[in-house]
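One structure below.
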Amino acid sequence: MAGRPARTARDLTQGPIAKTLALFALPTLATNILQTLNGSINAVWVGRFLGESALAATSNANNIMFLLFAAVFGFGMAATIFVGQSIGRRDIDGARRAFGSAVGLVFWSAVVVAALGWVLAPRILMLLATPGEAMPLALVYLRIIFLSLPPAMLMVLITMALRGTGDALTPLWFGALACALDVVLNPVLILGLGPAPKMGIAGSATASLLATLIAFVVLVAYVYVRDLPIRLKGAELAYLFPGRAAIWAIVSKGVPIGAQMIVIAVAGLTMFGLINREGVDTSAAFGVTLQLWSYVQMPAMALGGSVSAMAAQNIGAGRWDRVERITRAGLMQNVAITGTMVALLLVFDRPVMALFLGEGSPALPIARHIQLLASWGFILFGGTMVFFGVVRANGAVLGPLAILLVAMFPVRLGFAVVMRPWLGVDALWWSFPVGSIATVAMAALFYFHGPWRRSRMAVVPRPAA
């Protein structure tokens with residue numbers, strides 16, 4: 001109901017810009033660090049206990065899951081923006097309509113995708129040119145991970161909607177719970193410790209499934225016990241069954257946003273296909289490199305999501321004077337934080353990589369070489385995330401999608417293929433910063449000269465009686 005005060009939402013339209021952004025982004029960054037640390041620790045278990053083939057198998061499977069989560073990210077980010085603008089207008093009912101519509105879309109989509117993924121997993125892995133010795137391991141791992149899709153996708157959606165209300169701490173606590181459960185259960189189920197069966201690589205996937213399911217159930221209970229702004233009760237439960245107009249409001253924004261992530265994921269999978277042809281050692285080296293890159297890009301992702309939620313609330317409140325300052329603060333904080341992460345990575349890469357591969361692994365020098373050539377490009381990637389986060393907050397989603405299509409395929413993959421005869425395998429690694437340069441340049445042009453300020457987010461309509 002318009003005009004009702006958002007008693008349990010955090011107001012991001014007041015206070016100093018840089019400090020408010022930093023305090024909002026830090027819990028999001030901590031959540032991302034925990035999730036990535038969880039994946040890294042699990043990769044250590046798999047790599048040290050099961051070997052390079054198992055590590056390559058999980059890397060291939062995790063790239064496929066990134067592609068699938070890209071879709072729910074789109075709906076989640078659309079919900080974040082709708083929720084954020086509604087909170088900025090003090091319209092709690094509008095925020096709940098947006099959240100309920102997104103949940104209704106995501107749940108059944110996740111169920112269908114999980115079923116199809118189980119059946120089509122062998123063909124998917126074959127299309128990726130998964131190395132033969134890694135194929136049976138990747139198949140077992142991927143099929144179990146597909147089962148975790150519905151609770152995992154809904155948990156992502158809930159946490160993104162909470163950030164739209166200005167709450168970045170609740171996602172942190174429950175992300176920590178899921179990570180702790182996963183880290184503890186992984187060695188137990190992989191090695192069969194205590195009364196648990198020895199499941200090998202299937203144990204790693206099963207641990208993730210159980211951890212996600214438990215954390216999701218506890219999170220839902222917490223939302224209702226604390227009566228958070230996105231909780232749905234009574235007549236509000238009808239929002240879970242959106243009509244055509246509500247579906248279109250979410251889909252028209254969510255699909256292009258999700259498509260942006262899908263473009264990145266497809267480009268990554270295509271690159272993985274090229275890298276897999278270089279052999280298991282190079283594939284394992286790149287898998288470890290991706291683990292470390294996930295840390296480097298976390299500040300950029302956290303800042304991108306935070307500036308989007310913050311800008312959405314300010315746009316909803318009509319505070320356009322603050323939007324430009326949010327962008328500047330995001331860019332400055334990205335250079336400081338991401339630059340520091342890149343420097344630390346380059347200094348300490350060998351001992352960290354040895355945790356995954358062991359000191360004597362032939363993949364270790366390959367992984368270090370990849371880091372040296374390509375890691376600096378993530379500073380530019382962070383600038384792109386800030387620009388995209390702000391323009392997305394006002395509903396401009398097609399411009400960023402077009403930019404990513406150009407930067408990922410004709411630029412990045414085109415560079416890798418065309419320069420391969422001259423640079424050898426290094427063409428694959430140089431293509432990453434080349435793509436980042438193209439992306440941030442086009443994103444800046446769109447931010448300063450594009451029509452995104454004239455866009456307006458539609459209000460998610462009420463369901464028909």
Inset, instruction - Please specify each residue of the stretch 325-355 satisfying the condition of being surrounded by fewer than 19 Cβ atoms within 10 Å (Cβ to Cβ) and of a type in the set (D, E, K, R). - result: Arg325, Arg328, Arg350
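Do the conditions hold for Met408, that is, is it closer than 30 Å to Phe49 by Cβ and either not charged (D, E, K, R) or not in a helix (DSSP H, G or I) (or both)? So that I can check it myself, show each step before the final result.
Numbers: closer than 30 Å to Phe49 by Cβ: no; either not charged (D, E, K, R) or not in a helix (DSSP H, G or I) (or both): yes.
So Met408 does not fit the description; no.
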Inset, instruction - Taking Gly273 as meeting all but one of (1) of a type outside the set (A, V, I, L, M); (2) part of a helix (DSSP H, G or I); (3) open to solvent by 30 Å² or more (accessible area, probe 1.4 Å), write down the number of the exception. - result: (3)
Legend entry - Failed item in (1) surrounded by fewer than 21 Cβ atoms within 10 Å (Cβ to Cβ); (2) within 22 Å of Ala302 (Cβ to Cβ); (3) touching a residue at least 60 places away in the same chain (Cβ under 8 Å), with Val397 passing the rest: (1)
Legend entry - Enumeration of residues in the stretch 426-442 that are open to solvent by 50 Å² or more (accessible area, probe 1.4 Å) and within 17 Å of Leu290 (Cβ to Cβ): Trp430
Inset, instruction - Being within 15 Å of the chain's Cα centre (by Cα) and among the β-branched types (Val, Ile, Thr) is the filter; apply it to the stretch 259-270 and report the residue that is least open to solvent (accessible area, probe 1.4 Å). - result: Val263
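Results for (1) of a type in the set (Phe, Trp, Tyr); (2) within 23 Å of the chain's Cα centre (by Cα); (3) part of a loop (DSSP other than H, G, I, E, B); (4) within 30 Å of Ile92 (Cα to Cα), shown as yes or no for each residue.
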residue: Gly399; (1), (2), (3), (4): no, yes, no, yes
residue: Val417; (1), (2), (3), (4): no, no, no, no
residue: Trp422; (1), (2), (3), (4): yes, no, no, no
residue: Phe432; (1), (2), (3), (4): yes, yes, no, no
residue: Ser436; (1), (2), (3), (4): no, yes, no, no
Inset, instruction - Could you please find all residues in the stretch 379-394 being at pLDDT below 95 and surrounded by fewer than 24 Cβ atoms within 10 Å (Cβ to Cβ)? - result: Asn394
Legend entry - Leu364 being farther than 27 Å from His449 by Cα and open to solvent by 10 Å² or more (accessible area, probe 1.4 Å): no
Legend entry - Where a residue in the stretch 262-282 is in contact (Cβ under 8 Å) with a residue 40 or more places away in the chain and its partner, wherever it lies, is among the charged types (D, E, K, R), with Cβ under 6 Å and at least six apart: Val280/Glu52
Inset, instruction - Can you give me the number of residues within the stretch 372-390 that are more than 14 Å from Trp293 (Cβ to Cβ) and more than 18 Å from the chain's Cα centre (by Cα)? - result: 0
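Which residues, counting only those in the stretch 1-23, are touching a Gly at 6+ places or on another chain (Cβ under 7 Å) and either under 15 Å from Val83 (Cβ atoms) or at pLDDT below 75 (or both)?
Let us first name the residues in the stretch 1-23 that are touching a Gly at 6+ places or on another chain (Cβ under 7 Å), namely 9-13, 21.
Those that are touching a Gly at 6+ places or on another chain (Cβ under 7 Å) and either under 15 Å from Val83 (Cβ atoms) or at pLDDT below 75 (or both): Ala9, Arg10, Asp11, Leu12, Thr13.
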Inset, instruction - Could you tell me whether the stretch 313-324 includes any residue that is of a type in the set (Val, Ile, Thr) and open to solvent by 10 Å² or more (accessible area, probe 1.4 Å)? - result: yes
Legend entry - Residue check, Phe409 aromatic (Phe, Trp, Tyr), over 17 Å from the mean Cα position of the chain (by Cα) and surrounded by fewer than 23 Cβ atoms within 10 Å (Cβ to Cβ): yes
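Give me the helices (runs of 4 or more DSSP H) completely within the stretch 146-258, filtered to those with at least 3 residues that are surrounded by fewer than 16 Cβ atoms within 10 Å (Cβ to Cβ), ordered by residue number. Lay out the reasoning, then the answer.
On the way: elements: 149-164, 169-191, 201-225.
Of the helices (runs of 4 or more DSSP H) lying wholly inside the stretch 146-258, those with at least 3 residues that are surrounded by fewer than 16 Cβ atoms within 10 Å (Cβ to Cβ) span 169-191, 201-225.
The values are calculated or read from the model by the stated rules, or taken from the named source; none is laboratory data. All values reported here derive from a predicted model rather than from experimental measurement. Cβ atoms come from the backbone with ideal geometry, glycine included; neighbour counts cover every protein chain shown. Just so you know, the surface numbers come from the protein's heavy atoms only, side chains and all, with ligands and any DNA or RNA stripped out. Shrake-Rupley method; radii C 1.70, N 1.55, O 1.52, S 1.80 Å.
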